[in-house]
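What follows is a structure written as C-alpha cells; I'll ask about it next.
The values are calculated or read from the model by the stated rules, or taken from the named source; none is laboratory data. Only a predicted model underlies this, so the values are computations on that prediction, with no experimental measurement involved. Counting neighbours? That spans all protein chains shown, and the Cβs are built from the backbone with ideal geometry, glycine included.
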Amino acid sequence: CGFRISPREPCTYIKDSDSSPVEYRASPQRLLTQSTLHRNSILSSFCTEENVQECLFHITQELASLGLSPVGTGCERHSELDVVAVLNCMNDLIQLHRRELRTLENMEVEQLKSNSSIDYLQITSTQLKEQLELSKRENTGLLERERQLQLKVKSLENHLKNEKEESEHNMIFSLSCKNFRILLRTELAKSKVEQHLWKTDKTEARHEGEMYKTLLNDYDNRQRELLLENAELKKVLENMKKDMVSILKTKKTKEESDDEDIFDATKERVELFSDDAREKLTNGIRLQWRKLKSHVERLDNQASLVDISARSNKDSVSRETHEEEMHKLRLEIQQCKDYIRMQQQLLQRQLSSPCDEEVTSLLNNCYMQQEKERLKGDWKTLEEQRKIFDRERGNFTEAAIRLSHERKVFEENRALWLKHQFLNSSPFPDSSKPQISRLGRKVTARQISFCAVTLQCHLVYRLKYSQVPVVRWANQKIIFNRLCSHTVV
Amino acid sequence: MNFSEVFKQSNQLCKVSPDGKYLATCVQYRLVVRDVATLQILQLYTCLDQVSHMEWSSDSQFILCAMYKRGLVQVWSLEQPDWHCKIDEGSIGLVASRWSPDGRHVLNTTEFSLRITVWSLCTKAVSYIKYPKACQKGLDFSRDGCYMALAERRDCKDYVSIFVCDDWHLLRHFETETQDLAGVEWSPNGCVLAVWESCLEYKVLLYSLDGRLLSTYSAYEWSLGIKSVSWSPSSQFLAIGSYDEMVRILNHITWKTVAQFQHPSSINNTKAVVYKEVEKRPAVSEDLSIHNISMGSTLFSTQSKYEIFLPPVHLPVVKPDPERANPKIGISSLAFSSDSRYLATKNDSMASVVWVWDMQKMSLAAVLEQTAPVRCFQWDPRQARLAMCTGNNKLYLWSPAGCVAVQVPAEGGFQVQSLSWHSSGDSLILLGKDHLCLCYMETEQEDKVL
C-alpha cells in the first residue's frame with residue numbers, strides 16, 4: 001500500500017472510496033469528530049507493524065516540512081521514537097490543528113458574514129433596480145407631460161394670436177353689429193326679437209294666451225263660414241221649392257194653388273233656424289219634388305203618346321235628348337237632396353241641444369197639438385167665411401139679376417117714354433102725361449140709383465163689420481165692381 | 001314670353017328673394033346677387049368653400065350659405081357687404097342649415113342629427129335642441145312664422161315639440177301615436193299639425209296647435225302607405241298621396257275623406273281633357289336650302305305641340321321593380337294651386353303624366369301626357385297656371401284655358417331640369433345642369449296653341 005504525497009501539497013487527500021469528503025463548512029465540533037474519524041482511518045491504515053521505520057522516517061520528514069523538531073532519534077534505519085519529542089510534537093501538532101481550526105472557524109464566520117452581506121446587497125440591488133425602473137418610468141412620464149404641455153402652450157399661443165386677430169375683427173364686427181342692431185330696432189321693430197326676456201311665468205302665460213287666441217280665431221272663422229254656407233244653402237232650397245211650386249202651379253187649379261200660396265206665405269215668416277222649420281223645409285221640398293216627378297212622368301207619358309202618333313226621326317231624337325235632360329235633372333235633384341241631407345246632419349250635430357229626447361218629442365207633440373188646434377180654428381172660421389161669402393155671392397147674383405131686370409124694365413120704360421115724347425112731341429106745350437112719365441123715369445132712375453147706393457152701403461157695412469179676411473174683401477170688391485160696372489146709371 | 005340670356009350656376013342653387021327684387025345664384029364658391037328686372041350684378045360675395053345650400057332670410061336682408069363638408073355657414077348682408085358672419089360647427093359636422101322665420105336665427109342640424117344648434121345673429125347666443133329626428137320632414141315652421149314643430153325621437157318613441165319662435169320657448173311636448181314618424185307639416189292657417197307615419201304603415205294624425213289629437217286617419221293596412229302630403233292653401237283640404245296610386249282628400253271639418261282620386265292607366269269616361277305632347281321632327285330631307293340650314297339649332301331640335309285626345313286613352317305605365325327599394329309607384333308629387341281650385345298630381349308608375357284635378361267638382365279636369373318623365377311642376381303663385389319641365393329644352397304651361405309647349409331659345413341647347421316661379425307670377429326661373437335662364441311671362445293673355 002504505497003501512496004505518494006508531494007511535500008508541497010496541503011494535506012487534503014482522500015484515500016478510500018468509503019471515506020467521505022470533508023466538509024469544511026461544518027461546525028468546529030463536527031469538524032473535530034470528523035477529523036478524529038479521519039485521523040483514525042488514516043492512522044489505522046498508515047502505520048503497521050512492518051513499516052514502522054518508514055512511517056517514522058515519513059513523519060520526520062513531514063514534521064520537518066512543517067517546521068517542527070523531529071521525533072525520532074537515531075539513524076535512518078534504526079531510528080527509535082523519542083517519546084518526549086513525540087509528545088511535544090503531538091502537542092505542537094494539536095496546537096497547530098487547533099489554530100487551524102480556529103482560523104477555519106473564523107474564515108467560515110467571515111464567509112457567512114460575507115454571504116449574508118452579499119444577500120443583503122443583492123436585495124438592496126434589486127430594490128434599487130426597481131426604484132430605478134420606477135423613476136425611469138416617472139421620468140418618461142414627466143417628459144411626456146412636459147412635451148404635451150409644450151404643445152398645449154404652443155396651441156394656446158396660436159389661439160391667443162387668433163383671438164387677438166378676431167378681437168380686432170370683432171371690434172369691427174361689434175361696431176357693425178351695433179349698426180345692425182340699430183337697423184333691427186328701427187326697421188324691424190315689429191319682428192318680435194326680444195332676446196333678453198327672461199323665461200318667466202308671464203311670458204309662458206302670454207305664449208299660451210296667444211296660442212289659444214289663434215285657435216279660437218280659427219274656430220270662430222270656421223263657424224262663421226259654416227253659418228254663411230248654411231244660410232246660403234237654405235236660401236237655395238227655398239228658391240228651389242218656390243221654383244218647383246211655380247212649375248206645378250201652372251198646371252193645377254186655382255184652389256189648390258191658393259192653398260199652397262197661403263201656406264208659403266205663412267212659412268216665409270217662420271224662423272228657419274229651428275229643427276222644426278228645417279224639417280218643414282225638407283218635407284216641403286220632398287213633397288214638391290214628388291209632385292214634380294209625377295208631373296214630369298205625366299208629361300213623359302203625354303210625350304210618348306205624341307211620339308207614337310207622330311213617329312218621325314227628329315221627334316225621337318228630341319225625345320231622347322229630352323229624356324237625357326230629365327235624367328240629368330233627376331240626378332241633379334238627387335244630388336241636391338243628398339247634399340241637403342248631409343247639411344242637415346251637420347247642422348243637427350252642430351246645433352244639437354243636450355236635452356232629453358223624450359222631452360223634445362213631447363215638446364214637439366205639444367207644439368203640434370197647438371198647431372193642430374189653431375189650424376182647426378182657422379179652418380172653422382174659414383169655412384164660416386166661405387159660407388158667408390157664398391151667401392153674399394148668392395145675394396149679389398140675385399141683386400145683379402134684379403138690377404138687370406130693373407134695368408131692362410127701365411130701358412123699356414125709357415124707350416116708351418122716348419117714344420111717347422117723340423110721338424107726343426108737338427109745337428104746343430100742353431101735356432101732363434110726359435111729365436108724369438118723366439117723373440116716373442126719374443123716379444125709376446133714382447130708385448135704381450138709390451137701390452144701387454143702398455146696396456153699396458149695405459155691402460160696405462156688411463163687408464166692413466164682418467169677420468171676412470182682407471183677401472176675401474178684395475175679391476168681393478172686385479166682384480162688386482164688376483157688378484156695379486154693369487149697372488151704369 | 002321673353003327669355004333672358006343664360007347664366008352660370010352650380011348645384012341648382014338659385015333663389016329669388018322673398019320680396020321679389022333680387023336673384024341670388026351660387027357659382028362654385030361665389031355668391032352672385034342680381035337685380036331681377038335688369039339681371040345686373042349687384043353684389044358678389046366669396047365663400048370659403050363650395051356652397052351646398054343657400055337660402056334668403058325672410059326679410060330679404062341676409063343670405064345664408066352653408067358648406068356641409070367644412071361644417072361652416074356664412075351669412076352675408078345685402079345692405080352691408082362688409083359685414084362678415086361665420087358659424088363653425090366644428091367637428092360635430094353639419095348636414096342641414098336653415099333660417100328661422102324672423103330671419104335672425106340660423107338653425108344647424110349636426111351630423112347624425114345629434115342636435116340642432118340655434119345661433120342667434122343678434123346676441124351671438126347659442127341654444128341647443130336635443131334629439132331631433134332625422135326623417136323625411138322633421139321640422140316645419142308655421143306660415144306666420146310664430147311656431148316651429150319638431151319631430152323628436154327619445155328612447156325609441158316619437159315625440160313632437162312645438163316651440164315659439166320668439167324666444168325658442170317650448171310650448172308643447174307630446175308623444176305621438178306613431179311607430180316611425182316620417183314628417184310634420186303645419187296647415188296654412190297654423191292651427192293644425194299633420195303628422196304622418198313612414199311608408200310602412202298608412203297613418204296620418206292631426207294635432208291641434210295646443211297638442212290635442214284631433215283625428216287619426218288610416219285608409220288601409222298591410223301595404224305601403226303614405227308617399228306625399230299637401231295642405232290646400234285655404235287649409236280646407238289635406239291631400240294624401242299613397243303607394244296605392246290614389247290621392248285621398250280629407251276635409252278640415254270632419255277629417256274624413258271627401259274624395260278619392262284614382263290614377264288608372266286607361267281613361268274611359270271622363271269630362272277631363274287629355275292633352276298629349278306630340279313631337280314633330282322637321283323633315284330634313286325635304287328642303288335643304290341655305291335658309292333652312294342657317295336656322296341652326298331649330299333644324300335639329302324637335303318641335304312639339306299638344307294634341308287633344310278623346311277617351312278611351314291608354315297611358316304608358318312603367319312597372320316598378322319589386323326587388324329594389326323605393327319602388328317607383330305611388331303619388332310622389334302633389335301641388336295645390338294658389339286659389340285651392342286645382343290639384344296637380346304625379347304617379348311614379350306613369351311618370352310622364354301629370355293629372356290636374358278640379359277641387360270644386362272633385363273630378364279630373366285635365367291629363368297631360370309628355371314624351372319624357374316629368375321632372376318638376378309648380379303652380380303660379382298668383383293664378384291657376386301650372387308650369388312643368390321634363391328635362392328637355394321645353395317649358396310646358398297649362399291653364400284652364402289651354403296648354404302650351406314653349407321651346408327655350410338658348411344656344412347649345414338648354415335642358416330644363418327644374419323650375420321655380422317668381423313670387424309675382426310674372427316670371428319663371430329655369431334651371432339647367434349648370435345654367436339658368438329667366439322666362440318673363442307676357443302680362444296680357446298668352447296665345448294658346450289649343
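Would you mention how many residues in segment B:231-253 are over 21 Å from the mean Cα position of the chain (by Cα), within 14 Å of chain A (Cβ to nearest Cβ) and touching a residue at least 24 places away in the same chain (Cβ under 8 Å)? Break it down into steps so the answer makes sense when it comes.
As a first pass, look at segment B:231-253 and keep what is over 21 Å from the mean Cα position of the chain (by Cα): B:244, B:250-253.
Among the residues that remain, those that are also within 14 Å of chain A (Cβ to nearest Cβ) are: B:251-253.
Still in the list and also touching a residue at least 24 places away in the same chain (Cβ under 8 Å): B:252.
Looking only at that region, the number is 1.
A follow-up question, please. Against the condition within 13 Å of chain A (Cβ to nearest Cβ) and of a type in the set (D, E), how does B:E79 come out, does it pass?
Yes: the conditions hold for B:E79.
Let me ask you something else. Can B:L250 be described as crowded, with 17+ Cβ neighbours inside 10 Å and within 24 Å of B:D339 (Cα to Cα)?
yes
Restricting to segment B:341-352, what's the tally of residues that are of a type in the set (A, V, I, L, M, F, W, C), outside any loop (DSSP other than H, G, I, E, B) and at pLDDT below 95?
Let us first name the residues in segment B:341-352 that are of a type in the set (A, V, I, L, M, F, W, C), namely B:343-344, B:350-351.
Of the ones still in play, those that are also outside any loop (DSSP other than H, G, I, E, B) are B:343-344, B:350.
Among the residues that remain, those that are also at pLDDT below 95 are: B:350.
Qualifying residue count for the region: 1.
Within segment B:183-200, take every residue that is assigned to a loop (DSSP other than H, G, I, E, B) and in contact with a Leu (Cβ under 9 Å, 6 or more places away or on another chain) and give me the one that is farthest from the other protein chains (Cβ to nearest Cβ).
To start, the set of residues in segment B:183-200 that are assigned to a loop (DSSP other than H, G, I, E, B) comprises B:187-191, B:198-200.
Keeping just the survivors that are in contact with a Leu (Cβ under 9 Å, 6 or more places away or on another chain) gives B:187, B:190-191, B:198-200.
Values: B:S187: 9, B:G190: 6, B:C191: 4, B:S198: 29, B:C199: 31, B:L200: 32 Å.
Here the answer is B:L200.
State whether the residues of segment B:124-139 include one that is touching a residue at least 60 places away in the same chain (Cβ under 8 Å), in contact with a Leu (Cβ under 6 Å, 6 or more places away or on another chain) and part of a strand (DSSP E or B).
no
Continuing with this model, one more query. Among the residues of segment B:354-388, write down those that are of a type outside the set (A, V, I, L, M, F, W, C), under 20 Å from B:K433 (Cβ atoms) and in contact (Cβ under 8 Å) with a residue 40 or more places away in the chain.
B:Q370, B:T371, B:R375, B:Q378
Please count how many residues of segment B:36-84 are among the acidic types (D, E) and over 15 Å from B:A24 (Cβ atoms).
From segment B:36-84, those among the acidic types (D, E) are B:49, B:55, B:59, B:79, B:82; that's our starting set.
Among the residues that remain, those that are also over 15 Å from B:A24 (Cβ atoms) are: B:49, B:82.
Here the count works out to 2.
Which condition number does B:S338 fail, the rest of (1) outside any strand (DSSP E or B); (2) small (G, A, S); (3) touching a helix residue (DSSP H, G or I) at 6+ places or on another chain (Cβ under 7 Å) being met?
B:S338 satisfies every listed condition except (3).
Same structure, new question: For segment B:31-39, check the following and say yes or no: at least one residue is touching a residue at least 40 places away in the same chain (Cβ under 8 Å), out of contact with any helix residue (DSSP H, G or I) (no Cβ under 6 Å at 6 or more places or on another chain) and acidic (D, E). Reasoning before the result, please.
Start the filter on segment B:31-39 by keeping residues that are touching a residue at least 40 places away in the same chain (Cβ under 8 Å), which leaves B:31, B:33, B:36, B:39.
Those left that are additionally out of contact with any helix residue (DSSP H, G or I) (no Cβ under 6 Å at 6 or more places or on another chain): B:31, B:33, B:36, B:39.
Now narrow it down to the ones that are acidic (D, E): none.
There is no residue in segment B:31-39 that is touching a residue at least 40 places away in the same chain (Cβ under 8 Å), out of contact with any helix residue (DSSP H, G or I) (no Cβ under 6 Å at 6 or more places or on another chain) and acidic (D, E).
Somewhere in segment B:19-27, is a residue surrounded by fewer than 15 Cβ atoms within 10 Å (Cβ to Cβ) and within 14 Å of another protein chain (Cβ to nearest Cβ)?
Looking for residues that are surrounded by fewer than 15 Cβ atoms within 10 Å (Cβ to Cβ) and within 14 Å of another protein chain (Cβ to nearest Cβ), one finds at least one in segment B:19-27, hence yes.
From the list B:S228, B:S215, B:S223, which residue is surrounded by fewer than 19 Cβ atoms within 10 Å (Cβ to Cβ), more than 14 Å from chain A (Cβ to nearest Cβ) and part of a strand (DSSP E or B)?
After applying the criteria, what remains is B:S215.
Considering only segment B:231-271, state which residues are assigned to a loop (DSSP other than H, G, I, E, B), of a type in the set (K, R) and under 26 Å from B:H314 (Cα atoms).
Correct list: B:K271 only.
Count, please, the residues in segment B:353-373 that happen to be part of a loop (DSSP other than H, G, I, E, B) and either of a type in the set (F, W, Y) or surrounded by fewer than 23 Cβ atoms within 10 Å (Cβ to Cβ) (or both).
7
Residues checked against (1) within 14 Å of another protein chain (Cβ to nearest Cβ); (2) of a type in the set (K, R); (3) within 17 Å of A:R206 (Cβ to Cβ):
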position: B:Q136; (1), (2), (3): no, no, no
position: B:S142; (1), (2), (3): yes, no, no
position: B:Y147; (1), (2), (3): yes, no, yes
position: B:E152; (1), (2), (3): no, no, no
position: B:Y159; (1), (2), (3): no, no, no
position: B:I162; (1), (2), (3): yes, no, yes
position: B:D167; (1), (2), (3): yes, no, yes
position: B:L170; (1), (2), (3): yes, no, yes
position: B:H173; (1), (2), (3): yes, no, no
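If you don't mind, there's one more thing I want to ask. Of the residues that sit in segment B:54-76 and are within 13 Å of another protein chain (Cβ to nearest Cβ) and touching a Ser or Thr at 6+ places or on another chain (Cβ under 8 Å), which one is surrounded by the fewest Cβ atoms within 10 Å (Cβ to Cβ)?
Per the criteria, the residue is B:S60.
Of all the residues that make up segment A:207-233, how many are surrounded by 13 or more Cβ atoms within 10 Å (Cβ to Cβ) and either touching a residue at least 24 places away in the same chain (Cβ under 8 Å) or among the aromatic types (F, W, Y) (or both)?
3
Would you check if A:L237 is modelled with pLDDT under 90 and within 30 Å of A:Q288 (Cα to Cα)? Please lay out each step first, then the result.
On the way: modelled with pLDDT under 90: yes; within 30 Å of A:Q288 (Cα to Cα): yes.
Considered against the rule, which asks whether it is modelled with pLDDT under 90 and within 30 Å of A:Q288 (Cα to Cα), A:L237 comes out as yes.
Residues to consider are B:C156, B:C146, B:C135; find the one that is in the same structural domain as B:Y207 (by TED's automatic domain parsing), crowded, with 20+ Cβ neighbours inside 10 Å and not charged (D, E, K, R).
After ruling out the rest, the residue left standing is B:C146.
Scan segment B:108-118 and tell me whether some residue there is within 19 Å of B:S10 (Cα to Cα) and crowded, with 18+ Cβ neighbours inside 10 Å.
The answer is no; no qualifying residue exists.
Looking at (1) within 14 Å of chain A (Cβ to nearest Cβ); (2) crowded, with 19+ Cβ neighbours inside 10 Å; (3) more than 20 Å from B:W186 (Cα to Cα); (4) among the polar types (S, T, N, Q), can you tell me which one B:S100 breaks?
(3)
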